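This report concerns only the one structure given below.
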Amino acid sequence: MLGVFVADGPLYDFTAYTECKEKPEEPLYGGGVLKSQQQSPPSVQDNIASSYVVNNIYVPSLVLHNLTQGTIYTFSAWVRVKGSSSAMIRATLETEKETYDCIGTVSAKLGCWSFLKGGFVLNWPSNLSIIFFQNADGKDINIEVASPSLQPFSKQQWEINQQYTINTKRKRAVTIHVSDSNGRRLQGASIRIEQISKEFLFGSAIAHTILGNVPYQNWFVKRFNAAVFENELKWHATEPDEGKVNYTISDQMLQFVRTKNIVARGHNIFWEDPKYNPPWVLNLTGPQLQAAVNSRIQSLMSQYRNEFIHWDVSNEMLHFDFYEQRLGSDATLHFFETAHESDPLSTLFMNDFNVVETCSDVNSTVDAYISRIRELRRNGIFMDGIGLEGHFTIPNPPLIRAILDKLATLGLPIWLTEGDYLEQVLREGFSHPSVNGIMLWTAYHPNGCYQMCLTDKNFKNLPAGDVVDKLLQEWKTGRVNGVTDVHGSYSFYGFLGEYTVTVNYGNRTTHSTFSLSRGQETQHFTITLSSNS
């Protein structure tokens, strides 16, 4: 990536590493603003002031000068520990006015180097700032740091990079050739092109309030091509009393999404947080609980086999472990195995919070998530996906992107599954090449939504809904009109998805469709106008 520039700044470097290496790699961006101080790795004594003390513990630190307000700083470094087999190392930034508790984490190991990637945006300018590296649990440990990099991006440069990714990953060049039945190319044919569906899945949670509510249904279908049921598939909703299973509401909601050609995620089979389980489940003993679990998964998966593109199998398993405490450490593995056997074509997701929202939560750091995914893989679970809830307070764009970069190394589908609407977050998701879909957590209720409503009770957009609509329009190919050139061709760039095309030439007209799929090369389509079209 070095040496590649977009407009007046560097092209963002998506490089990330999740394996522990014998030697640290060279710093990203050649070290960025640190390059003048940089020595060959692993020695960075010019940057590391080892005498910095945190809670009476000496920790390595990085001294930074003249940081500016509002600049987006991407940060990375390689970390190694001594005297312990492994430790969660957190990078914290201190300025004259404030402390940023976490700008990146890494699970560092003994004897090899691990890659920390993160970033920050300052609320105030700073003449002198310090990044220090410490054990997340506060215990004293010997930490080594190498190949640090700090690369600034202006807001405009960041947005240009986002657009560059959108243009290269979410869109594709198309050339339409118009010929007569003898294969002769026709110059001057008028073409009208319209996108009728999008490849990228962008949706929202829905609730039972959509049933029978035609204005809500129309409002939803006009915007979204994906849905997730807010609560109606959860165990406490389908079996509030033991043995009394009722899928009436979820069946009706599924019928709605079917008739509207909307894809749906299955949320969720189990929830590891005990307070969201049916009360009758909490008092069951081991064998009784195992029987109830087996009945739940068999019933749910047989009812909805092949209906949902995803299943959140064991929700929030990084934070809670109700079933593993009661049924043993392999309980979650059993859930995934049984779900896959029951619905082999559905992608099985881990789904959790505070993975991209922050790095301060030690339960759900990016490396903790990756470790759990790898544990599932070691036990034979390969139909898996990465679900990131995305309940943000204050987004940190470079940290979001850095975490997505590390997760992307797994080669699995990544979804933002429960986003409270925030434009910054939606733009980060859509402009990251490894994100396959975004779901908002904005199911409508007359008494209000979970965090944020997009519409009022009359289904007139609130300001948040207006911005979502703006993004939906921005990420769709508008109606395209053109005329074929001397080669009988017309070219344009379009968002991936399905299109209709109407061609007029003299008194002849033809209608056709084409699918614009992902790829680097220009996609070519030939439309033939027969003499009696």
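List of remarks:
Residue by residue, here is whether (1) modelled with pLDDT of 95 or more; (2) open to solvent by 20 Å² or more (accessible area, probe 1.4 Å) holds:
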{"site": "ALA408", "(1), (2)": "yes, yes"}
{"site": "PRO433", "(1), (2)": "yes, yes"}
{"site": "THR442", "(1), (2)": "yes, no"}
{"site": "LEU462", "(1), (2)": "yes, yes"}
{"site": "THR477", "(1), (2)": "yes, no"}
{"site": "ASN481", "(1), (2)": "yes, yes"}
{"site": "GLY506", "(1), (2)": "no, yes"}
{"site": "HIS511", "(1), (2)": "yes, yes"}
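- All positions within region 223-261 that are under 26 Å from the mean Cα position of the chain (by Cα) and acidic (Asp, Glu): GLU230, GLU232
- Every test in (1) touching a Phe, Trp or Tyr at 6+ places or on another chain (Cβ under 7 Å); (2) touching a residue at least 60 places away in the same chain (Cβ under 8 Å); (3) of a type in the set (A, V, I, L, M) is passed by LEU348 save one, and that test is (2).
- Residue in region 502-517 that is over 30 Å from ASN436 (Cα atoms) and touching an Asp or Glu at 6+ places or on another chain (Cβ under 6 Å) present: no
- Residue match in region 310-318 (condition: touching a helix residue (DSSP H, G or I) at 6+ places or on another chain (Cβ under 9 Å), part of a loop (DSSP other than H, G, I, E, B), modelled with pLDDT of 95 or more and among the hydrophobic types (A, V, I, L, M, F, W, C)): yes
- Positions within region 51-67 being assigned to a strand (DSSP E or B) and either at pLDDT below 90 or surrounded by 14 or more Cβ atoms within 10 Å (Cβ to Cβ) (or both), in sequence order: VAL53, VAL54, ILE57, TYR58, SER61, LEU62, VAL63, LEU64, LEU67
- Residue count, region 211-247 (criterion: open to solvent by 70 Å² or more (accessible area, probe 1.4 Å) and part of a helix (DSSP H, G or I)): 4
- Contact map, region 197-214: first residue of a type in the set (A, V, I, L, M, F, W, C) and modelled with pLDDT of 95 or more, second residue surrounded by 21 or more Cβ atoms within 10 Å (Cβ to Cβ) and not in a strand (DSSP E or B), Cβ cut-off under 6 Å, separation 6 or more or different chains; pairs are ALA205/GLU230; ALA205/TRP441; ALA205/ALA443; ILE206/ALA443; ALA207/GLU230; ALA207/ALA443.
- Pair list, Cβ under 6 Å, 6 or more apart: region 160-172 residue closer than 11 Å to PHE495 by Cβ, other residue open to solvent by 50 Å² or more (accessible area, probe 1.4 Å): LYS171/TYR493
Matching residues to (1) touching a Leu at 6+ places or on another chain (Cβ under 6 Å); (2) in a strand (DSSP E or B); (3) open to solvent by 20 Å² or more (accessible area, probe 1.4 Å); (4) under 28 Å from ARG378 (Cα atoms):
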site	(1), (2), (3), (4)
PHE256	no, no, no, no
LEU284	no, no, yes, no
SER302	no, no, yes, yes
GLN325	no, no, yes, yes
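- Test result for ILE403, under 19 Å from PHE349 (Cβ atoms), modelled with pLDDT of 95 or more and either among the hydrophobic types (A, V, I, L, M, F, W, C) or in a helix (DSSP H, G or I) (or both): yes
- The selection criterion, being open to solvent by less than 10 Å² (accessible area, probe 1.4 Å) and out of contact with any helix residue (DSSP H, G or I) (no Cβ under 8 Å at 6 or more places or on another chain), holds for THR417.
- Condition broken by GLU474, with the remaining ones in (1) within 36 Å of the chain's Cα centre (by Cα); (2) within 24 Å of VAL178 (Cα to Cα); (3) among the acidic types (Asp, Glu) satisfied: (2)
- Residue in region 304-316 that is surrounded by the most Cβ atoms within 10 Å (Cβ to Cβ), counting only those that are of a type in the set (D, E, K, R) and farther than 14 Å from SER250 by Cα: ASP312
- Residues (in a helix (DSSP H, G or I), open to solvent by 10 Å² or more (accessible area, probe 1.4 Å) and in contact (Cβ under 8 Å) with a residue 40 or more places away in the chain) located in region 351-374: VAL362, ASN363, ASP367, ALA368, SER371, ARG372
- Strands (runs of 3 or more DSSP E) (entirely within region 416-533) containing at least 2 residues that are of a type in the set (S, T, N, Q) and free of Cβ contacts under 8 Å to residues at least 60 places away in the same chain: 508-516
The values are calculated or read from the model by the stated rules, or taken from the named source; none is laboratory data. Since we're looking at a predicted model, the values are computed, not measured. Methodologically, a virtual Cβ is constructed for each residue, glycine included, from the backbone with ideal geometry; neighbour enumeration extends over all protein chains shown. Note: accessible area is taken over every heavy atom of the protein model, side chains too, but ligands, DNA and RNA are not part of it. Shrake-Rupley method; radii C 1.70, N 1.55, O 1.52, S 1.80 Å.
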